[in-house]
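No value in this document is a laboratory result; all are computed from the given coordinates. Because the structure is a prediction, the values reported are computed rather than measured. For neighbour counting, all protein chains shown are included, and Cβ atoms are generated from backbone atoms with ideal geometry for every residue, glycine included.
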Amino acid sequence: MNEIFAKYNFKPTKETTKAIEYEHIISKDVIYALATKGIGIVLHPDTAESLKLTGRSDGFVHNTALSRFPRRKNDGKTYIHYGSSFKFQSEEQLDEFINGLGELFKNR
């Protein structure tokens with residue numbers, strides 16, 4: 001999957017057991033690929049909203065690995081990082097989405 005991100009100008013900047021952080025080399029926007037079942041990425045909530053992508057989102061995901069995103073209280077007593085989650089049925093769908101995202105980031 002790394003090759004999909006690299007193809008559209010995203011470089012890996014941090015990897016944990018929960019997620020891989022990618023940064024767009026032009027805009028410096030950050031996205032995360034989650035290490036979960038299926039294919040999923042997480043965008044900064046403000047980015048998803050500004051790019052009008054919230055309607056395609058699967059909602060918010062809360063995860064300590066999203067370290068460059070804002071924090072809020074979810075179910076617990078402490079604040080946790082969160083972002084807008086997007087899930088895909090195939091790597092082809094991911095490729096198409098990342099391609100469009102890369103174009104949007106280049107033209108910001």
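With label points built 7 Å along Cα→Cβ from the Cα atoms of LYS87 and ASN99, find their separation and express it in nm.
2.4
Mind checking the dipole of the chain: about its Cα centre, +1 per Lys or Arg Cβ, -1 per Asp or Glu Cβ, Debye to the nearest 20?
In total the dipole reaches around 500 debye.
Contour minus end-to-end for THR54 and ASN107, with contour as 0.36 nm per residue of separation and end-to-end as the Cα-Cα distance?
Here the answer is 17.2 nm.
If you average the sequence gap of Cα pairs under 8 Å that are 6 or more apart and divide by the length of the chain, what percent do you get for the contact order?
26
Could you tell me how many degrees, from 0 to 90 and to the nearest 10, lie between the Cα long axis of helix 91-106 and the main elongation axis, the longest principal axis, of the Cα atoms of the chain?
90
Roughly how many whole Å is it from the C-alpha centroid of region 11-47 to that of region 56-108?
Here the answer is 7 Å between Cα centres.
Add -39500 (n - 2.57) for each DSSP H run of 4 or more in the chain, then divide by its residues: what number comes out at 222 nm, to the nearest 500 deg cm²/dmol?
On the way: 3 runs with 28 residues, N = 108.
Taking each H run of at least 4 residues, the total per residue is -7500 deg cm²/dmol.
So, by mean Cβ neighbours within 10 angstrom, what's the order for 35-41, 60-66, 19-25 with the highest one leading?
Peptide ranking by packing, descending: 19-25, 60-66, 35-41.
Dividing the alpha-carbon Rg of region 2-100 by 2.2 N^0.38 Å yields what?
1.02
Please report GLU49, GLU3 as a ranked list, fewest other C-beta atoms within 10 angstrom at the top and most at the bottom.
In order of increasing Cβ crowding within 10 Å: GLU3, GLU49.
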